[in-house]
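Before any comments, here is the structure.
The values are calculated or read from the model by the stated rules, or taken from the named source; none is laboratory data. Being a predicted model, the structure only gives us computed values, none of them experimental. Side chains are part of the model used for accessible areas, which takes the heavy atoms of the whole protein and leaves out ligands, DNA and RNA. Shrake-Rupley method; radii C 1.70, N 1.55, O 1.52, S 1.80 Å.
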Amino acid sequence: MSEVKFSKEHEWITVEGEVATIGITKHATELLGDIVFAELPEKGSNVNKDATAGVVESTKAASDVYTPISGEVVDTNQSIVDDPSKINSDPEGDGWFFKLKIKDPAEMNTLMNRDEYYKFAKENAS
Amino acid sequence: MKKTPLYNLHQKYKAKFVQFAGYEMPIQYETGIVKEHITTRNASGIFDVSHMGQLFLKGGDELTNDLQKIFPIDLAKISINQSKYSFLMKENGGIYDDLIITKLKDGYMIILNAACKETDLNILKKKIGEKYQINLSDNLSLIAIQGPKAKDVLEKIVPGVIKLKFMNGSQFKYNDLDIYITRSGYTGEDGFEISINNKIVESFVEKLIENGSSMIGLGARDTLRLEAGLCLYGHDLDENTSPIEANLKWAISKSRINDEFPGSEFIKKQYNEGVSKLRVGIKPDTKVIARESVKIFDGKNNEIGKVTSGTFGPSVNGPIAMGYINNDFSKTNTKIFLEVRGKKVPASICKMPFYKKNYVKGGEDNVRS
């Protein structure tokens, strides 16, 4: 599996072959607080880089989940719909959101590595 | 940005702060909103509500008479140390603020919403300020302790509080200083509100924590009050909604309905003839949360109302909301649709509170409404 990459919208992404797995970062879950609702994109749908591909809601507010790259949704994690607290407890593992068949691997180059992301997150901390 | 005297204590317990009504207030502590909510339902929780206004009016029977012209309740009938929920009314029948008024030996104490307190003070000063001493306290903090274990925790520190009846208060001592405690709250749980000098509030709260209670932020306060079906001013109540529309008819004294008070003509008409819109409880059929401003539709796509508060209820374990709806659709179990992110989500009108306690002791433990 490839190195984890990160977006400015606080998503993480890993790539295996031509399929990418996407979720939200630990930092994002800490900003959101207790997550109580998750909405996922439809399997088979096509999503474009930086477009809305899901929703998470905490007790406080709703936030969009964006896709860091373009592709076709090939799988979604229904278990986080049934138990959204999984996103808080294991954001970069069991709390994944969806898998994409990658459209353009070059889009991966626009994303940050872990150090860059945490530097970015720290600088943009609210 | 203003801070309450408990600011340092909030920091010590790792609060996340938000701006609320001009104050920096804790939205949650380290454990988070859901755990704080459950802690309050199962044990007890401490809330800093010092940003709320504590207004004191000095006077006797004449003050009672003058206040009857302002508030739509029968103050002559309540006894000393008894509290009542009421409203500061606008002439159009709308609400400037919802409040708790307590009769004291030498006057009245009124607890006001933080965002409204200065306006309320000015309104009251304009109405009766020449005749009576009116003072919005700045040396008192206000703490709430709520939950089934609240009475046991507080009794250890202030012996005798356990005897207080719901919506009744009394003077007690802590560190030789007077504190005033009422059995009340805004969570749907048994509990107390404690008016206490700023100088001793921190040590008092630490004592409550030592005895097993814990700090709860505004986030859980909101989920708790919403599960209990209680209104939040500025969201579920405002200058353009009347108490009758808000389904708070019970808070207006029957004996006062033919009297004059601000908005009385309007209220009397609604009281007798009914309303065109009504505040109702709403339960989405799915897990989708409908928040404030979500539009409500009937099955034929006609807009019939709006959500004023909505969240995930940790004790209900699902989404809950309240809002105003065309009265034709206000009956329990009526099917409606909520427009969330462009999609129509099915929901039903339901009874409030969303969460009701099974009280062990009848008379002693009661909740408002």
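Tabulated values for the structure
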| item | result |
| --- | --- |
| Helical segments meeting 18 Å axial Cα length and Kyte-Doolittle 0.0 threshold in chain B (DSSP H) | B:198-210 |
| Centre separation in Å (Cα based) which lies between the range B:1-39 and the range B:174-188 | 20 |
| Residues along the range A:31-74 losing 40 Å² or more of accessible surface when the other protein chains are present rather than the chain by itself (probe 1.4 Å) | A:ASP34, A:VAL36, A:PHE37, A:GLU39, A:GLU57, A:THR59, A:LYS60 |
| Hits among aspartates and glutamates - C-alpha to C-alpha of A:LYS103 under 12 Å, sequence gap 8 or more where chains match | A:GLU18, A:GLU72 |
| Per-residue SASA entry for B:LYS335, accessible area with 1.4 Å probe, Å² rounded to 10 | 120 |
| Computed helical MRE - 222 nm, the protein assembly as shown, DSSP H runs ≥ 4 contributing -39500 (n - 2.57), nearest 500 | -6000 deg cm²/dmol |
| Protein-only accessible surface order, largest first, of A:GLU39, B:GLU273, A:GLU9 at 1.4 Å | B:GLU273, A:GLU9, A:GLU39 |
| For B:VAL18, solvent-accessible area (1.4 Å; no DNA, RNA or ligand), Å² | 50 |
| Over chain B, relative contact order from alpha-carbon pairs under 8 Å, at least 6 apart, % | 18 |
| Accessible area (Å², 1.4 Å probe, nearest 10) - A:HIS27 | 30 |
| Contour minus Cα-Cα distance for B:GLU206 and B:PHE297 (0.36 nm per residue) | 27.9 nm |
| Average accessible surface area per residue within the protein assembly as shown, 1.4 Å rolling probe, Å² | 45 |
| Fraction of accessible area attributable to carbon and sulfur, the protein assembly as shown (%, probe 1.4 Å) | 47 |
| Flagged links, alpha-carbon separation over 32 Å, of A:LYS26/A:LYS49; B:LYS14/B:LYS283; B:LYS268/B:LYS344; B:LYS199/B:LYS356; A:LYS60/B:LYS335; B:LYS105/B:LYS249 | B:LYS14/B:LYS283; B:LYS268/B:LYS344; B:LYS199/B:LYS356 |
| Accessible surface, 1.4 Å probe, highest first, among residues B:LYS151, B:LYS207 | B:LYS207, B:LYS151 |
| Exposure ranking of B:ARG221, B:ARG41 by accessible area [1.4 Å probe, largest first] | B:ARG221, B:ARG41 |
| Estimated buried accessible area (total), pair A and B, 1.4 Å, Å² to nearest 100 | 1300 |
| Relative contact order of the range B:54-134, pairs being alpha-carbon contacts under 8 Å that are 6 or more residues apart, as % | 35 |
